Amino acid sequence: MCGIVGIFRPESVGAEDELLVARMLGTVVHRGPDAQTIGRSDGVVLGSARLAIVDASFGGQPFSDESGSILVVFNGEITNYRDLSAQLQALGHRLASHCDGEVIAHAYEEFGVTFAEYLDGQFAIALYDRRSNRLVLARDRMGICPLVWAWNGITLSFASEAKALFAANLPSPRPDPRGLAQLCYFGTTVAPQTMFAGVNALPAAHYLVIDSTASPKLTRYWRLRYPEKDAGRRLDWEAAREELDTLLVRAVGRCVQGEFAPVTYLSGGVDSALVTALTRRHVRGRLTALSVGSTTPKLDETVLAAEIADYLGVDLVVEVMTDDDIANVFSSLMWHLETPTLSTESAALHALACRAGGLSKVVLTGEGADEAFAGYQAFEQGRQLGRIWDSPPTIRALVRRVLRTRLASQCLTPGDSRLDRIRDAFGFIPAQAIEWEFYREVFGPILTGPAGVLLEADVPLTTVEFDRDLPARASRLNASLAVSYDVMLGNYLLGPHGDRVLAGASVEGRYPFLDREVVEFAALLGDQAKIGQGYNKVLLRLAAQHHVGPEVAWRAKKRFTMPFVNPFVSPNSPEIYRYLMAPQTIDDFGYFDAERVAAVLGQLGSPIPSGSRGRRHLARLRQGLLVTLVATTQLWHHTFFEDPGSFEVNQPELSMGGSHV
């Protein structure tokens, strides 16, 4: 985990640009408190805030090649650096340290702008080639490490977090209604879109190139391959289980590289239990796992986590969150998140990351297993509803009337025009469309201004890059898994739920289920290895039962959630929320219809209307989503646009020893 920042100006940079980069670096010191350095060359100033994990005594940035012509700052870990280092040295390269980041400059020297194809791990990279006056930005395949950039036609600025760009006024902070419209449909912004006008997120598995002759150009360097639908191949279950087991053992081994003993996150489910069981092999003494719980009993998994910890023989640290804790954490956490959110789990995860930071710099989690092996309920629902979505119009209309009456929602069977628009955007109806259409139903009536117009016009559906030919080749399930990777994983689960909450506590998250070998293996599996006989993640559970026991391996998935109404509207909520949720403030900020928001808030104490279990569940969910979106959007606006001193951060102690002129 590091923070990187920089300015590229093809004509040249000067001393004033070093001061700007120093200001930028001051906003991301939490990402790398161990050392902050700045390097300057002809057309670039690069800054790095380092969290030292691999070769901690050395590895100062910027890295360079033998001649000093290539400069690199990066965030993350290159997990195949030992093999790549040996390969490069055999080709005549001379490396000065054992730090993983040094291989990047030499890989570029050997392979050119496609160097990222040769890197495994998690990374956000900025590389400057002095010989061609070229800047290359690259992001890892899964989107674990963030990287944002802005281009005004003269200067390209980049950073791990948008606030660093604002510190240099490159650009100044302005809200982008396209980001809020995306959030209100997909539940997240989708790269390259962000919540800030003029700020672009580099998408996962992409690199950007800019030099003195052209504007920035984006290139995708990797994409998962899925099997042809109806391939008819029989799965050798035992061979597949053994191969997955081998890949996961190897992936965990790569994730524990470094000079600090890791900790793990542990819930009551199979994914985190398996990661903890495999990590235990690499730790001298007893491994420590951490679990977060809620004072709301039905949301708490710490009892199950304690049972797993006892079974595995690991120590367990528990953090229990009250509604007040969630509200208090959120009020300061927004500075790190840089985006509104539809849930409150990020507050609990940040509190847990702060506990983890007192024990280690590295935490391993089970994130990514649900995307690889179809762990979410929506995937099974999508398989079932797909028959209805593809049925004749008369059948769809009949089912739609029945479900509308039963659920008071059309999210399971949207109207034909809505199905057509989703199909036009993705080439099929993804399983996730159930959630997207529900978000649109919930947020459309309260969203005002440009964002409301954009949502009503379905602009979010036109802004996502997806391989629209994939659904013709792959099964609906595998195509939906591809959507999870492209839309949700790097933009949300690894952002507000991952990098940002961990980086705010100066901790690096590592993800064995996002190892390249693991995700490529899982993608090539047919549907039967993922969903069947009443279970999801079937092959993963088979592999896990040898490590965590059958009870945990085959336990039904319980989605991690935290309370998401009371933290913002209870009598004990911090005063800031009473101000933010007041009708006048809502009107002043201009995102929502204040009268409709007030009507929702006025109904919170009333009983949920009677009806089917599904109808009552959706009614409660509707209230929670509305309150959370409004509260966090108001808080986001307050954090980034109401306080003119937000980006005046104390300057770090800088080392200029990495400068190359």
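Data for the structure
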| read-out | value |
| --- | --- |
| Residues whose placed amide H lies under 5 Å from that of residue 134, excluding near-sequence neighbours | 129 |
| Residue-count net charge about residue 509 - beta-carbon cut-off 15 Å; Lys, Arg +1, Asp, Glu -1 | -2 |
| Residue (of 565, 581, 550) at the positive-pole extreme of the stretch 518-608, dipole from beta-carbon charges | 550 |
| Solvent-accessible area of residue 154 with every protein chain in place, 1.4 Å probe, in Å² to the nearest 10 | 100 |
| Förster radius 56 Å - calculated FRET efficiency between residue 16 and residue 311, Cβ distance, rounded to 0.05 | 0.40 |
| Residues residue 570 and residue 404, FRET efficiency given R0 of 25 Å [Cβ-Cβ distance, rounded to 0.05] | 0.15 |
| The stretch 507-590: trypsin sites (Lys or Arg not before Pro) falling in loop per DSSP and having at most 15 other Cβ within 10 Å | 558, 559 |
| Percent carbon-and-sulfur accessible area, the stretch 185-280, ignoring ligands, DNA and RNA, probe 1.4 Å | 47 |
| The stretch 387-518 - percent of accessible surface contributed by carbon and sulfur, probe 1.4 Å | 56 |
| By average C-beta atoms within 10 angstrom, highest first, the peptides 480-488, 193-201, 444-452 | 480-488, 193-201, 444-452 |
| Surface share of carbon and sulfur [accessible, 1.4 angstrom probe, percent] for the stretch 1-51 | 53 |
| 5 angstrom amide H check on residue 65, placed H, neighbours 5+ away | 70 |
| Per-residue HN-Hα couplings for the stretch 613-623 [Karplus 6.51, -1.76, 1.60; θ = phi - 60°; Hz; x = Gly/Pro] | 4, x, 5, 5, 4, 5, 5, 5, 5, 4, 4 |
| Alpha-carbon centroids, the stretch 1-52 and the stretch 90-123: separation in whole Å | 21 |
| Net charge of Cβ neighbours under 10 Å - reference residue 519; Lys, Arg +1; Asp, Glu -1 | -2 |
| Spread of Cα-to-Cα distances over 10 Å intervals beginning at zero, given as percent, for the chain | 3, 16, 26, 28, 19, 7, 1, 0 |
| Diffusion coefficient, µm² s⁻¹, Stokes-Einstein with Kirkwood Rh over alpha-carbon pairs of the stretch 406-490 at 10 °C and 1.306 mPa s | 116 |
| Kirkwood estimate for the stretch 368-518, i.e. one over the average of 1/r between Cα atoms, Å | 17.0 |
| Vicinal HN-Hα couplings computed from phi for the stretch 528-545 (Karplus, 6.51 cos²θ - 1.76 cosθ + 1.60; Hz; Gly/Pro x) | 5, 7, 10, 9, x, 6, x, 10, 9, 6, 4, 5, 4, 5, 4, 5, 6, 5 |
| Kirkwood Rh in Å, taken over all unlike Cα pairs in the stretch 149-246 | 16.9 |
| Heavy-atom SASA rank of 621, 455 (probe 1.4 Å, accessible area, largest first) | 621, 455 |
| Theoretical FRET efficiency, 1/(1+(r/R0)^6), r = Cβ-Cβ of residue 578 and residue 174, R0 25 Å, to 0.05 | 0.40 |
| Rg/Rg_ref, the stretch 507-567, where Rg_ref = 2.2 N^0.38 Å and atoms are Cα | 1.42 |
| Cleavage-rule hits, GluC sites (Glu not before Pro), the stretch 366-404, DSSP coil, Cβ neighbours within 10 Å at most 16 | none |
| Equivalent ellipsoid semi-axes, the stretch 71-152, via Cα gyration tensor eigenvalues times 5, rooted, Å | 21, 16, 10 |
| 100, 324, ranked by accessible area, largest first (probe 1.4 Å) | 324, 100 |
| Å² per residue, accessible surface of the chain at 1.4 Å | 38 |
| Within the stretch 462-498: backbone nitrogen closer than 15 Å to the residue 228 label point (7 Å, Cα to C-beta) | 470-475 |
| Per-bin percent of Cα-Cα distances, the stretch 328-384 [10 Å] | 18, 34, 34, 13, 2 |
| In range of the label at residue 424: residues from the stretch 444-464 whose backbone nitrogen is under 17 Å from the point 7 Å along Cα→Cβ | 454-464 |
| Inter-label distance for residue 517 and residue 215, nm, one decimal - labels placed 7 Å from Cα along Cα-to-Cβ | 4.3 |
| Residue among 330, 311, 385 farthest towards the positive dipole end of the stretch 309-389, charges placed on Cβ | 385 |
| Accessible surface of residue 110 - all protein chains present, 1.4 Å probe, nearest 10 Å² | 80 |
| Label zone at residue 641 (point 7 Å along Cα-to-Cβ), backbone N below 13 Å, the stretch 162-197 | 173-181, 195-197 |
| Under the Karplus curve 6.51 cos²θ - 1.76 cosθ + 1.60, θ = phi - 60°, whole-Hz ³J(HN,Hα) for the stretch 511-526, x wherever Gly or Pro sits | 9, x, 6, 9, 4, 4, 4, 5, 5, 5, 5, 5, 4, 7, 7, x |
| From the C-alpha gyration tensor of the stretch 10-82, square roots of 5λ in Å | 22, 17, 9 |
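The values are calculated or read from the model by the stated rules, or taken from the named source; none is laboratory data. For clarity, every value in this text was computed on a predicted model and none was experimentally measured. For neighbour counting, all protein chains shown are included, and Cβ atoms are generated from backbone atoms with ideal geometry for every residue, glycine included. For the accessible areas, the whole protein counts, side chains as well, though only heavy atoms, and no ligand, DNA or RNA atoms are used. Shrake-Rupley method; radii C 1.70, N 1.55, O 1.52, S 1.80 Å.
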